[in-house]
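S.K.: Here you go, one structure.
Rule-based calculations on the coordinates, nothing more; no lab input. Model, not experiment: these values are computed from the prediction. Every residue, glycine as well, gets a Cβ built from its backbone with ideal geometry; the counts of neighbours run over all protein chains shown.
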Amino acid sequence: MSNQIINFKELKHYLMKLRIYIVLIIASICFFFAYNSLTEKSAKKQELPIINPIDLKNELVDSTLQRKGYGHQIESFEFLNQYGKRITNKDVENSVYVVEYFFTTCSTICPKMNTQMKILQAKFKGVKNFKILSFTVQPEIDSVPVMKRYAEDYGAINGQWHFLTGDKKKLYALARKSFFLLKPAEAKNLGDANSDFIHTNNFVLIDKNQRIRGYYDGTSAIEVGKLVKDIKKLL
């Protein structure tokens, strides 16, 4: 009888330990899957989106591209920089670059934007596969000499920060069909040299495959700080 009691106690003790082991195993499995799930979600949050026309408001996208949901890339272009050198899309192949549209006589948001752009340039000074492209929206005023003086005021590094001017229609077409910075209402002002056409504070981040990866408020130090982090990811 006493042996039976002992055996019963041992069995009870064994079953208790078994339950504890089972609970620990189940808890470990749950923790494993929960951790993996959180890690995957965190990784996805850190990934930069590839932005296509379908991801943007229709008013920013040319009607021929509004339903495009995959494979958008920046079209080929050719303009003169502040040194009179022809700069094309070939010059930024395999480079990460930031784009803005501005004009030299702008006294509101443009100085703030280019002050931030100067800081951005300093962060990546000497990085050969990082570029900045500043397109004018007033080429009739912003000639090569004017752009050179303006570039010098902001300490633009030759070969890294290009101030680009050229044919007005081509500048606008690029904004409308590639970078998505021009609204239809602004496009109607193409012939009006005194209008503020593309008066946007947005910086556009482009990757090495000529794809849009983000838009940032170029007047905000916080936004530009985020832009710096995202550039590092792409580089």
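S.K.: How large is ³J(HN,Hα) for each residue in the stretch 228-233, as worked out from phi by the Karplus curve 6.51 cos²θ - 1.76 cosθ + 1.60 (θ = phi - 60°), to whole Hz, x for Gly and Pro?
M.R.: Here the 3J(HN,Hα) series is 4, 4, 5, 4, 4, 4 Hz.
S.K.: What is the extension gain from ALA122 to THR64, computed as 0.36 nm multiplied by their sequence separation minus the C-alpha to C-alpha distance, in nm to one decimal? Let's see the in-between values first.
M.R.: Working: separation 58, 0.36 × 58 = 20.88 nm, distance 3.83 nm.
The ALA122-THR64 span can extend by a further 17.0 nm.
S.K.: Using 0.36 nm per residue, how much length does the chain from GLU75 to GLU140 gain when fully extended, once their Cα-Cα distance is taken away?
M.R.: On the way: separation 65, 0.36 × 65 = 23.40 nm, distance 2.31 nm.
Taking 0.36 nm per residue and subtracting the Cα distance, the gain is 21.1 nm.
S.K.: Taking the Cα-to-Cβ direction at ILE54 and at LYS17 and moving 7 Å from each Cα, how far apart do the two end points lie in nm?
M.R.: For ILE54 paired with LYS17, the spin-label model returns 6.0 nm.
S.K.: Placing unit charges on C-beta atoms (Lys and Arg positive, Asp and Glu negative, everything else neutral), compute the dipole magnitude of the stretch 53-234 about its Cα centre in debye, rounded to 20.
M.R.: On the way: 28 positive and 20 negative charges, 130 e Å.
Result for the stretch 53-234 is approximately 620 debye, rounded to the nearest 20.
S.K.: On to the next question. So what is the orientation-averaged projected area of the stretch 135-187, using the convex hull of its C-alpha atoms, in nm²? Please report the intermediate quantities before stating the final value.
M.R.: Details: hull surface 16.4 nm².
The number I arrive at for the stretch 135-187 is 4.1 nm².
S.K.: Stretch LEU235-ASN129 to full length: gain in nm at 0.36 nm per residue minus the Cα-Cα span? Can you show the working numbers first?
M.R.: Details: separation 106, 0.36 × 106 = 38.16 nm, distance 0.78 nm.
Difference between extended and current length: 37.4 nm.
S.K.: Which whole-number percentage describes the relative contact order of the stretch 53-234, with Cα contacts under 8 Å and a sequence gap of 6 or more? The partial results should precede the final answer.
M.R.: Values: 303 pairs, mean separation 53.0, N = 182.
For the stretch 53-234, the relative contact order is 29 percent.
S.K.: Over 18 Å between Cα atoms, which of LYS118/LYS148; LYS68/LYS208; LYS148/LYS226; LYS57/LYS177; LYS85/LYS131 qualify?
M.R.: Details: LYS118/LYS148 15 Å; LYS68/LYS208 20 Å; LYS148/LYS226 29 Å; LYS57/LYS177 13 Å; LYS85/LYS131 15 Å.
Long pairs (Cα-Cα over 18 Å): LYS68/LYS208; LYS148/LYS226.
S.K.: For the stretch 53-234, take every pair of Cα atoms, bin their distances at 5 Å starting from 0, and report each bin as a whole percent.
M.R.: 1, 8, 18, 22, 23, 17, 8, 2, 0
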